[in-house]
Amino acid sequence: MRLLNLFLLLLLMPSSLVCGQEKVKLQIHFKGINKNLFNIHFDDGLMQDFIQLSPEDTSKFVEKNSYTLYPRILISYKGNYYNYLINKKKSKIHIYYDSCRIDFPFYSDQSEDITPIYDTVSSPIFRKLRSDLKTEYLQLTELWSKHGSEIRTNDSVKFVLRQLTKEMNSKTMEVLTSYPNDFFSFLYFKEQVLIPTLSVEDDSEYYNNLLAYYNRTFPSEFRLTDEGKQIVKDMEQKITPVFIKEGEMMPDIYFKDIYGDTIFFKNQQESFVLLDFWASWCGPCLAQIPDIRLLRNTFSEDLLKIVGISIDSDSVSFLKSIKENEMSWVHSFDRGGILSGSLGFTSIPRIVLLDRNGKIVYYKHGGRIDMQKINAILRED
């Protein structure tokens, strides 16, 4: 009877729990690939894990947990980006680079249960989206071309971007409504509607509308996965954001490092944890890296733990900047600033210094950090 009850309980468990217990096994084969120009991430539905490669690798076996119905592989090579759905729990992909192929030198072939995501040939939904939003895509490209460097600083440019984003979202959601049971629609809503919007829009009422659309459009099969629940959390955090202040406790929002391990801020062996919210495109952020590097060289890791939290959207730029700026501390890739946004952060740089208990003892928004004050706090311990 106990076994029967256990079996029935497993059948009734939400798909997110079942999904979270499963392992995805992926065999990746390479040919003609320069590993120094090649980056690959595994997206488990919650986080993107960077997959380490050595120069001599001709293949790589990846075994990861999955918190979504369809985990993804994200590949960048020589400035080009490729995204694939993993359709089964055991799959295989072959990746090639052949300079003799002028039109498509980088390609995949002989793959098992791997599907390109943003491909107008294999995806009729994506093909329709590209067609219906052609004008908006051209406007967005022109905006970035002319004012890309001002997107974060010029209020007029930010306003235009917000309006264009909302127009694109409206048209996109109208298309996706016709294909609610296709996982591509669910993923497209997350990656092309929600994530871009999180970085430019703070109107809580707008997120109420997005949340209502999400709940009435997509089936529970998608929404009850851990990935689906996280999407809801991201919108709810924008509806009721958390704000931080000196003297208060750090909210229980945890980031993961580039290897997928959770970064804990409270009750740690280190006396202090310094959180640096930055991005590779942020000039003021890069300007204060020497100060943070000086802190790393001055104080022991037992006293001070340093965590860089990048809100870059491009993982290649993020990793390149870490290497070029010799940022030898723990790093988290908060793609697009989703978790950072839940703290009420709409701009960077921001520095947060926590004591062992997670209390905020120093908080700086914009400008160079006060090294004298931070040194005094650390030397008091």
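The values are calculated or read from the model by the stated rules, or taken from the named source; none is laboratory data. These numbers come from a predicted model, not from an experiment. Methodologically, a virtual Cβ is constructed for each residue, glycine included, from the backbone with ideal geometry; neighbour enumeration extends over all protein chains shown.
Of all residues in segment 291-315 being among the basic types (K, R) and touching a strand residue (DSSP E or B) at 6+ places or on another chain (Cβ under 8 Å), which is surrounded by the fewest Cβ atoms within 10 Å (Cβ to Cβ)?
Looking at residues that are among the basic types (K, R) and touching a strand residue (DSSP E or B) at 6+ places or on another chain (Cβ under 8 Å), I get R296.
Go through segment 351-381 and report how many residues are outside any helix (DSSP H, G or I) and either farther than 30 Å from I151 by Cβ or in contact with a Leu (Cβ under 8 Å, 6 or more places away or on another chain) (or both).
Residues meeting the conditions: 14.
Taking segment 333-377 as the search range and keeping residues that are within 13 Å of F255 (Cβ to Cβ) and touching a helix residue (DSSP H, G or I) at 6+ places or on another chain (Cβ under 6 Å), which one is modelled with the highest pLDDT?
In this case the residue turns out to be F333.
Just give me the residues in segment 255-266 being touching a residue at least 60 places away in the same chain (Cβ under 8 Å), in a loop (DSSP other than H, G, I, E, B) and of a type outside the set (A, V, I, L, M), in sequence order.
Y259, G260, F265, K266
Limited to segment 316-338, what total is found for residues that are in contact with a strand residue (DSSP E or B) (Cβ under 6 Å, 6 or more places away or on another chain), in a helix (DSSP H, G or I) and not β-branched (V, I, T)?
Selection size over segment 316-338: 1.
Which numbered condition trips up L274, out of (1) in a strand (DSSP E or B); (2) out of contact with any Leu (no Cβ under 8 Å at 6 or more places or on another chain)?
The single condition L274 does not satisfy is (2).
Quick check on segment 108-132: of everything there that is hydroxyl-bearing (S, T, Y) and in contact (Cβ under 8 Å) with a residue 12 or more places away in the chain, which residue is nearest to Y77 (Cα to Cα)?
Let us first name the residues in segment 108-132 that are hydroxyl-bearing (S, T, Y), namely 108, 111, 115, 118, 120, 122-123, 131.
Narrowing further to those that are in contact (Cβ under 8 Å) with a residue 12 or more places away in the chain: 108, 111, 115, 118, 123.
Numbers: S108: 12, S111: 18, T115: 18, Y118: 16, S123: 22 Å.
Taking the candidates together, the pick is S108.
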